[in-house]
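These notes are about the structure you will find just below.
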Amino acid sequence: MIISVLPAPRGVFVVMKSPLGDELILSSVGAGIRDYRINGESLLLTMADDEAYLSTCTLNGKFVGPFLGRIDKGIPKAGYQLPISENGLCLHSDRLNTAFAEFDFQVDGDEVSFHYDLPEEAGVCPAISFSVKYRLLNDRHGYCLSAIVTPKRPFPLNVASHVYWAIAPRAEDHKVTIPSKNISQYDKRMVEIGIAKCPKELDFSSGKLIGEDIAAFDKPPFFGFDHSFYDLSGPVRVEYGGKRIEILSSARGIHLYTQNFSDPSLVTNRGPLARHSAVAIEPSDGFSPLIEYDEQRPCLYEVNVTVTEGVNQ
């Protein structure tokens, strides 16, 4: 294993290389993944420019906390309330989002660790400690992410690694398997309000192309897939062109997102940011029900990603 530290416009990039040809480029901003390559080929949609990756315009690859998603009224809970950002709700923790915070880092053997302490803010949130670790696999392509998130007082959390997989030219070309029969329900503002059985269009339990039923959701308010799945019975799979990515996590669900807006001013490693250009698979606990954590019961978050090449699909 080779680990090197490179300067960046903000913080540092830490590059991990394995003998198998894996290269995991990490950023101390957001404790995130700048890129993940196998034998020089990127498997992710990421910003082409370092400044754009490090700015507040994108979540690609970053570790999001303390709460991923749209939260009605900012979770008024135990005297705390996350900042309201739009239409009476909080989106991705707004200005508290760890995706844009600069973490301390440490290299320890074949692991890279990041740490950040979110200070207490009266009436908003308690002090919260974030510790995130990455490790490349030694015996096959892939990596492991583990995190411990500890609020100093009881507080609900929903953290997630926000990686966009792009092994196919478009989101619609990826075959996805999500071993779940339960889907989130949303109100008109896309706030989660409960869990229901998957309708046919959202049933990926046997595996199917993203494009097979995306047209049913390619309109307001979703503009593509933007849904959570719960009670997984195994790993989530993303497949295309002989590659199979398997994602197994400790979270109770995953969120599926198909990059539902374009922005020509943002240039990715695959050209200007375009709608339906990648598939985000975000293991997360979701909003229903709220789960509180504290120093006696910290949030433990693990994601294991393996990549297999030469798969007959």
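The values are calculated or read from the model by the stated rules, or taken from the named source; none is laboratory data. These numbers come from a predicted model, not from an experiment. Accessible surface areas use protein heavy atoms only, side chains included; no ligands, DNA or RNA. Shrake-Rupley method; radii C 1.70, N 1.55, O 1.52, S 1.80 Å.
Accessible surface for the stretch 49-168, divided over its residues, is 38 Å² per residue with a 1.4 Å probe. When the surface is traced with a 1.4 Å probe over the full set of protein chains, Tyr293 keeps roughly 20 Å² accessible.
Where does the chain land at 222 nm, in deg cm²/dmol rounded to the nearest 500, when only DSSP H runs of n ≥ 4 count, each adding -39500 (n - 2.57), divided by all residues?
One gets -500 deg cm²/dmol as the mean residue ellipticity at 222 nm.
Between Leu137 and Ser206, residue separation times 0.36 nm minus the direct Cα-Cα distance comes to 22.1 nm.
Taking the 1.4 Å solvent-accessible surface of the stretch 184-313 as the whole, the part contributed by carbon and sulfur is 52%.
Amide H to amide H distances under 5 Å link Leu59 with no residue, where only residues 5 or more positions off or on other chains count and H is placed in the peptide plane. Legend: distances between Cα atoms for Lys17/Lys133; Lys175/Lys200; Lys62/Lys243; Lys77/Lys152; pairs beyond 19 Å are Lys62/Lys243. Accessible area ranking (1.4 Å probe, heavy atoms, ligands and nucleic acids excluded), largest first, for Tyr164, Tyr116: Tyr116, Tyr164. The residues of the stretch 172-280 have, on average, 43 Å² of accessible surface per residue, using a 1.4 Å probe with all protein chains present. Over all directions, the projected convex hull of the C-alpha atoms in the stretch 1-75 averages 6.0 nm² in area.
On the accessible surface of the stretch 1-106, probed at 1.4 Å, how many percent belong to carbon and sulfur atoms?
48 percent
Applying Stokes-Einstein at 10 °C and 1.306 mPa s to the Kirkwood radius of the stretch 190-231, computed over alpha-carbon pairs, gives a translational diffusion coefficient of 140 µm² s⁻¹.
Ranked by solvent-accessible area (1.4 Å probe, protein heavy atoms only, all chains present), the residues His141, His162 order from largest to smallest as His141, His162. Between the C-alpha center of the stretch 232-265 and that of the stretch 3-77 there is a gap of 16 Å. Treating each Cα of the stretch 56-164 as an identical point scatterer and summing with the Debye formula, the log10 of I(q)/I(0) at q = 0.21 Å⁻¹ comes to -1.14.
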